[in-house]
1. Of the residues LEU185, LEU164, LEU173, which is surrounded by fewer than 16 Cβ atoms within 10 Å (Cβ to Cβ) and touching a Leu at 6+ places or on another chain (Cβ under 7 Å)?
2. Would you mention how many residues in the stretch 85-99 are among the hydrophobic types (A, V, I, L, M, F, W, C) and within 14 Å of THR50 (Cβ to Cβ)?
3. Looking only at the stretch 108-135, which residues are out of contact with any strand residue (DSSP E or B) (no Cβ under 6 Å at 6 or more places or on another chain), part of a strand (DSSP E or B) and not hydrophobic (A, V, I, L, M, F, W, C)?
Amino acid sequence: MMRRMMIQRAKWASNNVYGDKNKFSGEVPSQLFSSGMALMHLLLDNNQLTGEIPDTIGLVQNLTLICFENNTLRGLVPQSLNNLTNVADLILCNNKLEGPLPNLTGMSSLKYLDLSSNAFDSTDFPQWLLTMKNLTTLRMQEANLSGRIPDGFFSLPSLQYVVLSENQLNGTLNLGPNYSKKLQLIDLHSNSIGELRSKINCLISS
């Protein structure tokens, strides 16, 4: 009960909140977030949080890192995240988030995105990911992805790590001639990809 009260009454005037690996429980109150906050780092991973991610999180323009990994959060990923143009790291894996995969085109500074192991609707590989020029790491394991990975995705200039294992991806994997030279890992195991057109097989786990 004490942990629950702490998160309900928190006054986050500092730049960073590191509340990971505790026993915070209950819902994340929407009133915790407001415009003008100095908050930059929000880490509430490895707790017992439930309910939805509040839409009001999109008011905190200074945020650069958001981590809710390993909780029991449900509902849709709020579209208000698209207001957060400074966020470089968004980690929402290992929850029970549902509905369609969010379109996060507005988060133009994203470098690290992890949406793995939730309860999203089945969907084709998101085309909007091809616009994320700063992306270095994409982790969408067990994300209910289907269809083929579009040509051009691996040409994102900063891309280094791609983990898309345990989905229903299929078709031909074509990295193309202009794939990112920074690529270090492509993990595609447990999909249904039928053909590989690439000269960098050593990077690919399938």
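1. The conditions single out LEU185.
2. Result for the stretch 85-99: 1.
3. THR123
Every number here is computed from the coordinates shown, using simple stated rules; none is lab data. A quick note: this is a predicted structure, and the numbers were derived from the prediction, not measured. Please note: Cβ atoms are built from the backbone with ideal geometry, for glycine as well, and neighbour counts cover all protein chains shown.
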